[in-house]
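Presented below is the structure to which this report refers.
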Amino acid sequence: METEKVRCLIIGSGPAGYTAAIYTGRANISPVLYEGIQPGGQLTTTTEVENFPGYPEGVTGTQLMEDLRKQAERFGVEIRSGIATSADLSKAPYKVTFDDGKTIEASTIIISTGATAKYLGLDDEKKYAGMGVSACATCDGFFYRKKVVAVVGGGDTACEEATYLASLASKVYLIVRKPYLRASQIMQERVLNNPKIEVLFEHNTVGLFGENGVEGAHVVYRKGEPDEKQYDIAIDGFFLAIGHKPNSDIFKPYVDTDEIGYIITEGATPRTKVPGVFAAGDVADPHYRQAITAAASGCKAAIETERYLNEHNL
Ligand code: NDP
């Protein structure tokens, strides 16, 4: 098996990974960045990004990631395609193996592998991706001003997103598979007291329809029960809020994670409990999950990396 030694290995190519790459590249650390499962990260699945500072006219998610990539390349970052399949962080130098069989021995690692939004698994979610289907209300809600949208889920995220969307849209359906919400009391109350939100308890979505984008959803009430009823609702946007899965599996034996799998770092720093191993972006952030907050944590991880390498003469 081929092994290569590097000073800094960055895993993941979302805003956190690329920002870490720009900073470490500029600091002459010669980082190697592996793009991971989804080159460019979650932003490449959204259309227009209007809230990333520096783009007064907005920018497409793909363009923003392309710009970040170019900026990283300018500072000599080596960007490779590949997915990390296993890791050994038991002692330094740390070892990470990629899907091409190559093992990297790294003095420092920045884990910026992101989180993957969960989808229902309907073919129509893929068919209408970027055409009415979204997993981020904060990113895409603005496009549904005065329109009708549906949010799927009954947890805090779903309630938060439904409330946010209700401030923009004319009507919001909240599609909940159980007869109750799982969200915290205060979030439930906000949803149930909002005249623009209609909660469809005990409903499942079985399909979407529309000519040039989402125009409606096929929903089923009390699926499998004698009083089962299938009907359609007219909507312009379909938002998934059924949870995210942080991409932290291979690191779990070595770093602390919460019950969902988000990596726990030391206070507001990106330090994990393994010296020289940092976590940045959505893999360590269950709360904000924004491109700009991910970029900021990538910057912090890069500064920590530089200090660690200097302190240890690496
Ligand atoms: P949760 O796991 O809490 O909730 C997921 C919701 O999606 C549940 O209602 C679940 O239904 C539903 N769901 C899951 N799979 C499906 C499916 N296939 N079809 C239909 N519905 C489905 O995830 P969240 O993202 O809401 O929250 C994650 C964590 O983050 C929680 O701990 C939450 O409290 C926290 N959070 C806190 C916030 C805050 O404090 N401001 C804001 C946002 C999140 P069911 O109940 O039937 O399992």
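One table, with the values for the structure above:
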item	result
For the range 158-175, Karplus couplings with θ = phi - 60° (6.51, -1.76, 1.60), whole Hz, Gly/Pro x	4, 5, 5, 5, 5, 5, 4, 5, 5, 6, 10, 7, 7, 7, 10, 8, 10, 9
Rounded to the nearest 10 Å², the accessible area of H312 at probe 1.4 Å	90 Å²
Per-residue SASA entry for V59, accessible area with 1.4 Å probe, Å² rounded to 10	10 Å²
Considering only the chain, percent of DSSP beta bridges that pair antiparallel, nearest 5	45 percent
Under the Karplus curve 6.51 cos²θ - 1.76 cosθ + 1.60, θ = phi - 60°, whole-Hz ³J(HN,Hα) for the range 301-314, x wherever Gly or Pro sits	5, 5, 5, 4, 4, 4, 4, 4, 4, 5, 4, 9, 6, 9
Potential extension, E266-K5 segment - 0.36 nm per residue separation minus Cα distance	91.3 nm
Phi to ³J(HN,Hα) by Karplus 6.51 cos²θ - 1.76 cosθ + 1.60 over the range 5-19, Hz, x for Gly, Pro	9, 9, 7, 9, 10, 10, 10, x, 10, x, x, 5, x, 5, 5
Accessible surface of E48 - all protein chains present, 1.4 Å probe, nearest 10 Å²	60 Å²
Tail fraction, Cα-Cα pairs, the range 257-314, threshold 13 Å, whole percent	58 percent
L174 long-range amide H proximity, modeled H, under 5 Å	V151, E198, V199, L200
Computed [θ] at 222 nm, deg cm²/dmol, the chain (DSSP H ≥ 4; -39,500 (n - 2.57); rounded to nearest 500)	-7000 deg cm²/dmol
Alpha carbon convex hull of the range 1-95, volume per residue in cubic angstrom	108 Å³
Whole-percent carbon and sulfur share, accessible surface of the chain, 1.4 Å	49 percent
Reachable lysines, given that their alpha-carbon falls under 17 Å from the alpha-carbon of K118 and they are not under 8 places away in the same chain	K126, K127, K245
Compactness of the range 123-240 as Cα Rg over 2.2 N^0.38 Å, two decimals	0.99
Under-5 Å amide H pairs with T257, H placed in peptide plane, nonlocal only	I264
Y180/K127 FRET efficiency (R0 30 Å; Cβ-Cβ; nearest 0.05)	0.45
Solvent exposure, largest accessible area first (probe 1.4 Å, DNA, RNA and ligands not counted), of R271, R80	R271, R80
Among S248, S81, S184: highest mean-square fluctuation, GNM of the chain, C-alpha pairs under 10 Å	S184
Rounded Å value of the spacing that divides the Cα centres of the range 239-272 and the range 80-124	13 Å
Residues of the chain: accessible area per residue with a 1.4 Å probe, Å²	48 Å²
Normalised contact order of the range 123-240, rounded percent, pairs of Cα under 8 Å and 6 or more residues apart	30 percent
Listed residues P226, P286, P31, most fluctuating in the chain (Gaussian network, C-alpha, under 10 Å)	P226
Which of I186, I11 is most accessible, then next, and so on - probe 1.4 Å	I186, I11
Simple Cβ-charge dipole of the range 1-73, Lys/Arg +1 and Asp/Glu -1, about Cα centre, in debye nearest 20	360 debye
Length-normalised contact order for the range 160-314 - Cα pairs under 8 Å, 6+ apart - percent	12 percent
Mean separation of Cα contacts under 8 Å, 6 or more apart, over the residue count of the chain: relative contact order %	21 percent
Long-range amide H partners of V277 with built H, under 5 Å	I109, T272
E228 paired with Y254, simple spin-label distance in nm, labels 7 Å along Cα-to-beta-carbon	4.8 nm
For the chain, the spread of Cα positions along each principal axis, largest first, Å	68, 41, 36
Alpha-carbon centroid distance for the pair the range 157-187 / the range 289-304, whole angstrom	29 Å
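The values are calculated or read from the model by the stated rules, or taken from the named source; none is laboratory data. None of these values were measured; they are calculated from a predicted model. Glycine also receives a Cβ, built like all others from the backbone with ideal geometry; neighbour counts cover every protein chain displayed. Each accessible area value is taken on the protein alone, full model and side chains, heavy atoms only, with ligands, DNA and RNA left out. Shrake-Rupley method; radii C 1.70, N 1.55, O 1.52, S 1.80 Å.
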